[in-house]
1. What are the residue pairs meeting all of these: first residue in region 40-66, first residue touching a residue at least 40 places away in the same chain (Cβ under 8 Å), second residue among the acidic types (Asp, Glu) and outside any strand (DSSP E or B), Cβ atoms under 6 Å, and 6 or more apart or on different chains?
2. I'm told Arg280 meets every condition in (1) under 23 Å from the mean Cα position of the chain (by Cα); (2) of a type in the set (Lys, Arg); (3) open to solvent by less than 80 Å² (accessible area, probe 1.4 Å) except one. Can you identify the failing condition by its number?
3. Scan region 1-31 residue by residue and report those that are farther than 18 Å from Ala392 by Cβ, part of a loop (DSSP other than H, G, I, E, B) and either open to solvent by 40 Å² or more (accessible area, probe 1.4 Å) or in contact with a helix residue (DSSP H, G or I) (Cβ under 7 Å, 6 or more places away or on another chain) (or both).
4. Give Gly55, Gly73 a once-over and let me know the one that is under 30 Å from Pro282 (Cα atoms), open to solvent by 10 Å² or more (accessible area, probe 1.4 Å) and at pLDDT below 95.
5. Identify, please: which residue in region 347-388 is over 16 Å from Leu296 (Cβ atoms), in a helix (DSSP H, G or I) and among the basic types (Lys, Arg) and is, among those, most open to solvent (accessible area, probe 1.4 Å)?
6. Restricting attention to region 149-168, and to residues there that are under 20 Å from the mean Cα position of the chain (by Cα) and part of a strand (DSSP E or B), which single residue is nearest to Gly115 (Cα to Cα)?
7. Just to verify a result, which residue in region 192-227, among those that are in contact with a Leu (Cβ under 8 Å, 6 or more places away or on another chain) and of a type in the set (D, E, K, R), is surrounded by the most Cβ atoms within 10 Å (Cβ to Cβ)?
8. Within the set of pairs 6+ apart or on separate chains, which have a first residue in region 81-99 that is more than 16 Å from Val123 (Cβ to Cβ) and of a type outside the set (Phe, Trp, Tyr), a second that is in a strand (DSSP E or B) and open to solvent by 10 Å² or more (accessible area, probe 1.4 Å), and C-beta atoms under 8 Å apart?
Amino acid sequence: MRILHVLDHSLPLHSGYAFRTAAILHEQRALGWETIQLTTPRHGQTRDEHEEAGGWLFHRTPFRRGPLSTLPGGRYVDEMRATAGRIAALVLERRPDVIHAHSPVLNALPALWVGSRLGVPVVYEVRALWEDAAVDHESTTEGSFRYRLSRVLESFALRRAARVTTICEGLRQEIAGRGIGHDRITVIPNAVDPTAFTATARPDAELRHSLGLHGALVAGFVGSFYAYEGLDLLIDAAAMLADREPALRVLLVGGGPQDSVLRALVKSRGMADRVVFTGRVPHAEVSRYYDLIDVLAYPRRSMRLTELVTPLKPLEAMAQGRMFVASDVGGHKELVRDGETGFLFPAGDAAALARALAGVLERRGDWERIRAQARRFVESERTWAHSVARYAAVYADLTPPQPARGCA
């Protein structure tokens with residue numbers, strides 16, 4: 001089996017998207033399949049058509065601005081045209097059995113065009129719906145022309161793909177609601193490799209001291225600062241707990257579009273001495289910052305994106321044996337068993353988040369039991385090996401039986 005994966009971006013960039021891709025490639029190779037990896041111009045400007053990253057050879061798509069790029073939405077058309085050219089070249093050169101296009105729909109449309117022209121079946125993997133991601137990332141409003149057009153394009157691609165895969169039940173139900181038969185949709189859930197995570201290490205005393213966290217109770221978040229993450233709620237909750245938990249500090253590791261907004265909020269709440277911003281840190285150093293945090297917080301706000309899509313971070317927290325609180329959006333409820341593997345609180349409610357944090361800190365006697373339950377959950381139900389094995393039936397429906405080939 002030879003699969004051409006068409007991707008938005010990949011390693012060496014660090015994101016949940018890139019890490020999911022790397023896990024898929026690793027497990028598909030373990031199954032004896034050959035994979036070809038292509039990223040679109042959305043990965044970033046490059047003049048090179050190939051790059052080694054994370055032990056994989058990625059084919060890149062150089063991009064030149066065309067006459068359409070100056071028009072509204074024209075850049076997307078030029079990007080898809082460039083992507084289609086690279087897909088076609090790889091199909092003719094490598095003869096894949098399947099083209100597997102991953103979100104966004106800007107990847108699926110050129111894949112479908114080339115697949116139809118050259119007779120290769122296309123699997124479309126929906127990790128998030130483009131119209132929903134754009135509401136937060138690109139200041140698009142639901143009901144706007146941009147939103148409606150994105151939704152039309154998504155539905156078009158879903159109807160024309162030979163098979164559709166997605167990452168969770170919330171998205172499966174949304175896709176089925178657009179008239180896609182249940183027999184054409186397969187959930188390949190987010191997962192972790194438990195062997196890649198170890199129990200919490202002893203905090204680095206020097207790093208703790210340098211951040212002013214000596215003797216503190218630490219609630220924290222590690223990741224990108226998008227509005228939907230609800231980090232403003234975490235700051236407000238910490239302010240509410242200031243008198244009750246004078247040793248409580250908030251550690252925010254990362255950066256993103258909301259960075260300046262959050263810093264301004266901290267100043268306005270008089271929390272400058274209680275909230276620590278580290279900025280972005282090298283991926284190899286992230287575990288040192290995790291080890292400083294007593295309770296992780298995932299206060300995502302309720303919106304279509306967070307209600308439909310399951311994130312990786314709570315699963316990683318469970319694999320590491322970390323205590324955490326998370327808002328009760330649909331994407332979290334699909335992963336977290338409240339009180340057993342983590343703790344949920346009503347989304348959008350800073351007071352409820354404050355109560356959840358206080359409750360977890362009061363239940364230290366239960367932490368070991370909850371950590372063990374969470375670890376067992378990921379080991380039994382959410383490993384990448386178990387998840388990626390589901391692709392076998394998807395691909396088998398589209399291709400005749402073949403002997404296994406070597407991996408590239």
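The values are calculated or read from the model by the stated rules, or taken from the named source; none is laboratory data. Remember, predicted model here, so these are calculated numbers, not experimental data. Every residue, glycine as well, gets a Cβ built from its backbone with ideal geometry; the counts of neighbours run over all protein chains shown. We work out accessible area using only protein heavy atoms, side chains counted, and drop any ligands, DNA or RNA first. Shrake-Rupley method; radii C 1.70, N 1.55, O 1.52, S 1.80 Å.
1. Pro41/Glu79; Arg42/Asp8
2. Condition not satisfied by Arg280: (3).
3. If the condition is that a residue be farther than 18 Å from Ala392 by Cβ, part of a loop (DSSP other than H, G, I, E, B) and either open to solvent by 40 Å² or more (accessible area, probe 1.4 Å) or in contact with a helix residue (DSSP H, G or I) (Cβ under 7 Å, 6 or more places away or on another chain) (or both), then Asp8, His9, Ser10, Leu11, Pro12, Leu13, His14 are the ones that fit.
4. Of Gly55, Gly73, the one residue that is under 30 Å from Pro282 (Cα atoms), open to solvent by 10 Å² or more (accessible area, probe 1.4 Å) and at pLDDT below 95 is Gly55.
5. Arg355
6. Val164
7. In this case the residue turns out to be Arg208.
8. Qualifying pairs under 8 Å: Arg86/His59; Arg94/Arg2; Arg95/Arg2.
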